[in-house]
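Visitor: One structure is given below, represented as structure tokens, and several questions about it will come after.
The values are calculated or read from the model by the stated rules, or taken from the named source; none is laboratory data. Keep in mind that what you see is a predicted model, and the values were worked out from it rather than measured. Cβ placement follows ideal geometry from the backbone for every residue including glycine, while neighbour counts extend to all protein chains displayed. Surface accessibility is based on the protein's heavy atoms, side chains included, excluding ligands, DNA and RNA. Shrake-Rupley method; radii C 1.70, N 1.55, O 1.52, S 1.80 Å.
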Amino acid sequence: MVSHVIKVKVTGEQAPRILDAGEISVSELLRRLGLSKSEHIVLREGIPLTEDDVIRDGDEVVVYLVKSGG
């Protein structure tokens, strides 16, 4: 069985999360992680991704919380 792995580092968490997915949209990634699209941004190699961008097997991404208050 072939495993398709996407490594996800969520800021504030100790260990990265590993998703078994060949490819997944940023929107679906956040949904699976239970994170809000309006409060998080996903970067691949330091470049922000849109919710329609596709993350593929072997990618490593970082998810940042981008909530502001005042």
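Visitor: Hey, could you check the stretch 1-17 for residues that are part of a strand (DSSP E or B) and in contact (Cβ under 8 Å) with a residue 40 or more places away in the chain and say which is farthest from Ser68 (Cα to Cα)?
Guide: Going through the stretch 1-17, the residues part of a strand (DSSP E or B) turn out to be 5-10, 17.
With the extra rule that they be in contact (Cβ under 8 Å) with a residue 40 or more places away in the chain, the set shrinks to 5-10.
Working: Val5: 32, Ile6: 28, Lys7: 26, Val8: 23, Lys9: 21, Val10: 18 Å.
Result: Val5.
Visitor: For the stretch 1-17: of the residues being buried (at least 16 other Cβ atoms within 10 Å of the Cβ) and within 14 Å of Arg56 (Cβ to Cβ), which is nearest to the chain's Cα centre (by Cα)?
Guide: So the residue we want is Val8.
Visitor: Another question, then. Any chance you could count how many residues in the stretch 18-45 are part of a helix (DSSP H, G or I) and open to solvent by 40 Å² or more (accessible area, probe 1.4 Å)? Before the answer, list the steps.
Guide: We begin by selecting, within the stretch 18-45, every residue part of a helix (DSSP H, G or I); these are 26-33.
Within this subset, residues satisfying the condition of being open to solvent by 40 Å² or more (accessible area, probe 1.4 Å) are 28, 31-32.
Residues that pass the stated criteria total 3.
Visitor: Right, next: Go through (1) in contact (Cβ under 8 Å) with a residue 40 or more places away in the chain; (2) touching a Ser or Thr at 6+ places or on another chain (Cβ under 7 Å); (3) not in a strand (DSSP E or B) and name the single condition Tyr64 misses.
Guide: Status for Tyr64: all satisfied but (3).
Visitor: Anything in the stretch 46-63 that is open to solvent by less than 80 Å² (accessible area, probe 1.4 Å) and hydrophobic (A, V, I, L, M, F, W, C)? List them, or say none.
Guide: Correct list: Leu49, Val54, Ile55, Val61, Val62, Val63.
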